[in-house]
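First comes the structure, then the notes that go with it.
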Amino acid sequence: MPKRSTLAASAQSAVSAATAATAGNGGRAITCRVAFAAALALVAGCAAEPAPPAAPQAASSTKASDNAHRIQSIVGDCMKEKGFKYVPWVPSVKAPETSSDRAYLGDYAAMKKERTEKGFTVFYRYAHPDQKEEVLWSSEDSPNNAIVQDLSPAQLAAYEKQLTACKSRAIKEVTGKVVKDDDDLHAQENATIDKVLDRELNGDPKLVELAAEMGVCLKGKGYSVADTRPSTLHTWGWRMFEDKIKALAKNDDKPEDEKMAKHGQYIMPVISVADGKRHFGQEVKVALDDLACGKAFYAAYSPRNAEIQQRVALEFGGGNY
């Protein structure tokens, strides 16, 4: 039977909630491109990046890992009770701090290096197809991957239905959250992140002032920036090029997946290296202009954004595998 989908957590991206994925239909792998953000949370159906936390966050990171292990233990017991084989599993992610981590936290030198090399990381993979993407963990690493490979379609449907019920039970027991399934968990987590960002960062006078200054600078460079709220300005450049990818995906000859589209996901389009390099060159220029205008803004915004991402991830269990 065809190999089942693979979910991979990547360290190579530029925003807190990426919504691009390759289809998992027909055995094709799912790869979520995400930013260096919350500790092992799943956001928008993708794995939000396990960020090496700043020193004050070390305790939260440990608690997130503890909660994830508790959830997995409950899931394992629940599946066993229902007659299914399941091995509790939490990815072991012990990556040393990198330049990408520092860039995520607003370090200017690290951000400049990252953006010079990868822009917003949207077209990077197309311009440099020979470069292997940094993957922190993949669902293929899970011992449960081998279990589902041997199931018939009917058995798999029953297994996944029970797994969803067991996960919901475990999450409620550990966090008190009532979720129907993974999609509902991601939706609730994202909504909570948006609310907290809006309340704590968009309402901060200093960040609002820095964002307004950045917006003026960008407009002076010829960019159209309609919304200068801190949480929106933070990702405006990435969204610009992500929209280009989405447009290319919508116009290629691959069939659209309705469920993916519902969650803002899509099948990655086929783009030639030449076209990829052309788009990527434009992306790098915008990314560096954005950084030049936002040096002070990112230094103030990014650490607080990272803390909020991690805090909300912990609120929702610290990880979902």
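The values are calculated or read from the model by the stated rules, or taken from the named source; none is laboratory data. No experiment lies behind these values; they were computed from the predicted model shown. With ideal geometry, Cβ positions are generated from the backbone for all residues, glycine too; neighbour counts draw on all protein chains shown. To get the accessible areas, we keep the full protein, side chains included, count just its heavy atoms, and leave off ligands, DNA and RNA. Shrake-Rupley method; radii C 1.70, N 1.55, O 1.52, S 1.80 Å.
So Lys132 fits all but one of (1) closer than 21 Å to Ile171 by Cα; (2) assigned to a loop (DSSP other than H, G, I, E, B); (3) basic (Lys, Arg); what number is the exception? Only one criterion in (1) closer than 21 Å to Ile171 by Cα; (2) assigned to a loop (DSSP other than H, G, I, E, B); (3) basic (Lys, Arg) is unmet by Lys132, namely (1). Restricting the stretch 93-120 to residues that are of a type in the set (Lys, Arg) and closer than 24 Å to Val312 by Cβ, the residue that is most open to solvent (accessible area, probe 1.4 Å) is Lys94. Taking the conditions (1) open to solvent by 20 Å² or more (accessible area, probe 1.4 Å); (2) modelled with pLDDT of 90 or more in turn, Tyr298 satisfies each one other than (1).
Is the stretch 123-137 home to any residue that is within 22 Å of Ala68 (Cβ to Cβ), surrounded by 19 or more Cβ atoms within 10 Å (Cβ to Cβ) and touching a strand residue (DSSP E or B) at 6+ places or on another chain (Cβ under 7 Å)?
Scanning the stretch 123-137 turns up at least one residue that is within 22 Å of Ala68 (Cβ to Cβ), surrounded by 19 or more Cβ atoms within 10 Å (Cβ to Cβ) and touching a strand residue (DSSP E or B) at 6+ places or on another chain (Cβ under 7 Å).
Of the residues Gln162, Gln149, Gln155, the single one that is farther than 27 Å from Glu242 by Cβ, at pLDDT 95 or above and open to solvent by less than 50 Å² (accessible area, probe 1.4 Å) is Gln162.
Set side by side, the residues Arg304, Arg311 differ, and just one is open to solvent by 50 Å² or more (accessible area, probe 1.4 Å), of a type in the set (Lys, Arg) and modelled with pLDDT of 95 or more, which is Arg304.
Scan the stretch 82-92 and give yes if some residue there is of a type in the set (Gly, Ala, Ser) and crowded, with 16+ Cβ neighbours inside 10 Å, otherwise no. So far as the stretch 82-92 goes, no, none of its residues is of a type in the set (Gly, Ala, Ser) and crowded, with 16+ Cβ neighbours inside 10 Å.
Exactly one residue among Gly318, Gly276 is open to solvent by less than 60 Å² (accessible area, probe 1.4 Å) and at pLDDT 90 or above, and that residue is Gly276.
Every listed requirement among (1) within 19 Å of Lys80 (Cα to Cα); (2) modelled with pLDDT under 95 is met by Arg169 save one, (2). Test Asp141 against the stated conditions and say whether it is in contact (Cβ under 8 Å) with a residue 40 or more places away in the chain, open to solvent by 30 Å² or more (accessible area, probe 1.4 Å) and within 16 Å of Gly318 (Cα to Cα). Criteria not met by Asp141. Contact map, the stretch 74-89: first residue farther than 19 Å from Gln149 by Cβ, second residue surrounded by fewer than 19 Cβ atoms within 10 Å (Cβ to Cβ), Cβ cut-off under 6 Å, separation 6 or more or different chains; pairs are Ile74/Glu173; Cys78/Arg169; Lys82/Gln162.
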